[in-house]
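Okay, structure first, notes after.
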Amino acid sequence: MSDSTSNRMWGGRFAEGPDAIMEAINASIGFDQRLAAQDITGSRAHAAMLAACGIISDSDAQAIREGLLTVLSEIEAGRFSFSTALEDIHMNVEARLKELIGEPAGRLHTARSRNDQVATDFRLWVRDQCDAAITGLEALQRALVAQAEAGADWVMPGFTHLQTAQPVTWGHHMMAYVEMFGRDAARMRDARARMNESPLGAAALAGTSFPIDREMTAQALGFDRPMANSLDAVSDRDFALEFLSSATICAMHLSRLAEELVIWSSAQFRFVALSDRFSTGSSIMPQKKNPDAAELIRAKVGRILGAQVGLTMVMKGLPLAYSKDMQEDKEQVFDAADSLMLALAAMTGMVSDMTANRTALEAAAGSGFSTATDLADWLVRALGLPFREAHHVTGALVRMAETQGCDLHELELGQMQSVHSGITADVYDVLGVHNSVASRISYGGTAPVRVREQVARWKGLLG
């Protein structure tokens with residue numbers, strides 16, 4: 001494809017073309033070529049509609065359809081020569097189409113502007129990314145559910161402030177992330193439903209005088225309906241911002257899980273062992289096994305949040321309708337989508353491959369007087385103490401155990417009775433970590449029976 005001035009598709013007073021600096025700042029083909037498939041899909045739908053409405057001939061529509069398929073095959077095969085002089089993917093495709101089929105190519109742009117064309121292409125691309133993210137999230141959830149099912153009754157410490165709080169089960173901890181990523185998938189579905197309206201046919205900003213059928217193109221492209229206002233249709237980028245917002249929250253969740261894997265895989269915790277596939281060695285310390293994949297996932301949220309902030313700043317001061325500023329929408333979204341999908345895939349691999357150390361988990365579960373709350377609850381249930389008094393008695397017993405260097409269940413009954421005379425030997429039934437987690441039977445609790453119920457529910461939802 002020639003880059004000569006004759007092939008520039010400006011015409012009129014722009015025939016001289018921009019100089020090298022203007023060409024460099026104006027061109028987007030270096031990144032928007034990723035929209036090629038969506039651009040060609042949108043153009044095929046537009047051409048079919050123009051023919052159905054009698055705006056172009058059936059023969060021209062057929063030539064356009066076949067020519068576009070040829071262009072797509074060239075792009076997919078890596079045989080297409082992209083031209084910076086032709087600015088963007090739309091002009092590159094149309095110029096090549098003209099080389100292939102001649103005059104009918106010029107009729108493709110009837111009743112259409114690059115403004116509604118790019119809005120349609122980009123919306124289709126982001127919609128595809130929502131679908132991909134949902135698929136990736138569901139794969140991660142399945143991996144977490146498998147871990148939860150295997151360790152539904154394995155005890156481990158539950159933390160607040162990263163301090164031992166109460167015993168929980170490994171399965172319960174894994175299922176917490178299943179819930180979090182379930183909300184991420186729901187946000188992606190919500191965003192997808194809202195963005196599923198077609199801008200095509202809004203033209204530059206005011207619609208068109210041609211008797212087009214916007215319902216037809218919307219249906220052909222899988223949209224629920226055409227957008228109801230042409231100004232809004234070409235100037236809206238909410239769909240990209242919603243995707244970035246959902247992606248940012250998801251990346252934050254991934255980062256939280258990554259942080260736990262980094263901590264848990266350390267020599268100080270030894271809660272999990274990560275596979276060699278998602279770890280690296282040290283260049284100087286042979287004993288090291290670094291959780292690099294988790295650390296890189298933890299960092300991805302910065303790039304994704306940065307994209308959300310960046311696009312918000314691009315859009316915040318723009319009057320209706322289209323401004324060239326909006327060309328800066330794509331690179332950030334492309335990068336964020338790539339980062340999110342890579343992080344989801346890597347986290348799914350790590351969760352699938354990791355091995356929980358049941359012995360270390362259980363040993364840590366009873367540390368830090370983790371059953372103190374169980375003791376306080378028993379004092380309320382068995383002795384009828386007000387909770388505040390039970391809290392005070394328990395605190396005194398914790399101090400006694402701490403002074404003696406033992407855990408609560410290691411205190412003798414007489415020692416406990418010296419704090420409160422009503423305590424009986426039945427108290428020992430609640431002080432073991434297994435007894436503790438088994439007692440948490442409220443809906444959403446950590447008891448193994450509740451964990452298995454949630455595992456079954458999510459296995460049914462995920463299929």
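The values are calculated or read from the model by the stated rules, or taken from the named source; none is laboratory data. From a predicted model like this one, the values you see are computed outputs, not experimental measurements. All Cβ positions, even for glycine, are placed from backbone atoms using ideal geometry, and neighbour counts span all protein chains on display. Areas reflect the complete protein model, heavy atoms only, side chains present, ligands, DNA and RNA absent. Shrake-Rupley method; radii C 1.70, N 1.55, O 1.52, S 1.80 Å.
Have a look at LEU124, LEU100, LEU137 and point out the one that is at pLDDT 95 or above and assigned by the TED database to the domain that holds SER28. Result of the check over LEU124, LEU100, LEU137: LEU100.
Just one residue in the set ARG187, ARG214 is among the charged types (D, E, K, R) and closer than 18 Å to SER230 by Cβ; that residue is ARG214. Go through the residues of the stretch 379-402 one by one and say whether even a single one is open to solvent by 20 Å² or more (accessible area, probe 1.4 Å) and under 38 Å from the mean Cα position of the chain (by Cα). For the stretch 379-402, residues open to solvent by 20 Å² or more (accessible area, probe 1.4 Å) and under 38 Å from the mean Cα position of the chain (by Cα): absent.
Across the stretch 176-226, the number of residues qualifying as in a helix (DSSP H, G or I) and open to solvent by 10 Å² or more (accessible area, probe 1.4 Å) comes to 18. Can you say whether GLN141 is closer than 30 Å to ILE441 by Cβ and open to solvent by 10 Å² or more (accessible area, probe 1.4 Å), as far as the supplied structure shows? Spelling it out, it is not the case that GLN141 is closer than 30 Å to ILE441 by Cβ and open to solvent by 10 Å² or more (accessible area, probe 1.4 Å). With respect to the conditions (1) modelled with pLDDT of 95 or more; (2) farther than 24 Å from GLN33 by Cα, LEU311 falls short on a single one, namely (2).
Condition check ((1) open to solvent by 50 Å² or more (accessible area, probe 1.4 Å); (2) among the hydrophobic types (A, V, I, L, M, F, W, C); (3) touching a residue at least 60 places away in the same chain (Cβ under 8 Å)) across all residues:
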| site | (1), (2), (3) |
| --- | --- |
| ALA307 | no, yes, yes |
| MET313 | yes, yes, no |
| LYS316 | yes, no, no |
| PRO319 | yes, no, no |
| ASP325 | yes, no, no |
| GLU331 | yes, no, yes |
| SER339 | no, no, yes |
| ARG358 | yes, no, yes |
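Among the residues of the stretch 54-102, those identified as open to solvent by 60 Å² or more (accessible area, probe 1.4 Å), within 30 Å of LYS324 (Cβ to Cβ) and over 36 Å from the mean Cα position of the chain (by Cα) are LYS98, GLU99, LEU100. The residue that is nearest to the chain's Cα centre (by Cα), among those in the stretch 417-427 that are within 17 Å of THR371 (Cβ to Cβ) and open to solvent by less than 70 Å² (accessible area, probe 1.4 Å), is VAL427.
Does THR169 count as crowded, with 18+ Cβ neighbours inside 10 Å and in contact with a strand residue (DSSP E or B) (Cβ under 7 Å, 6 or more places away or on another chain)? Criteria met by THR169. Report yes if ALA251 is over 21 Å from ALA111 (Cα atoms), under 22 Å from the mean Cα position of the chain (by Cα) and not assigned by the TED database to the domain that holds TRP458, otherwise no. Judged against the criteria, ALA251 is a match. Close contacts from the stretch 213-224, counting a first residue that is at negative phi and hydroxyl-bearing (Ser, Thr, Tyr) and a second that is assigned to a loop (DSSP other than H, G, I, E, B) and open to solvent by less than 60 Å² (accessible area, probe 1.4 Å), with Cβ to Cβ under 7 Å and a gap of 6+ residues or different chains, come to THR217/LEU200; THR217/GLY201.
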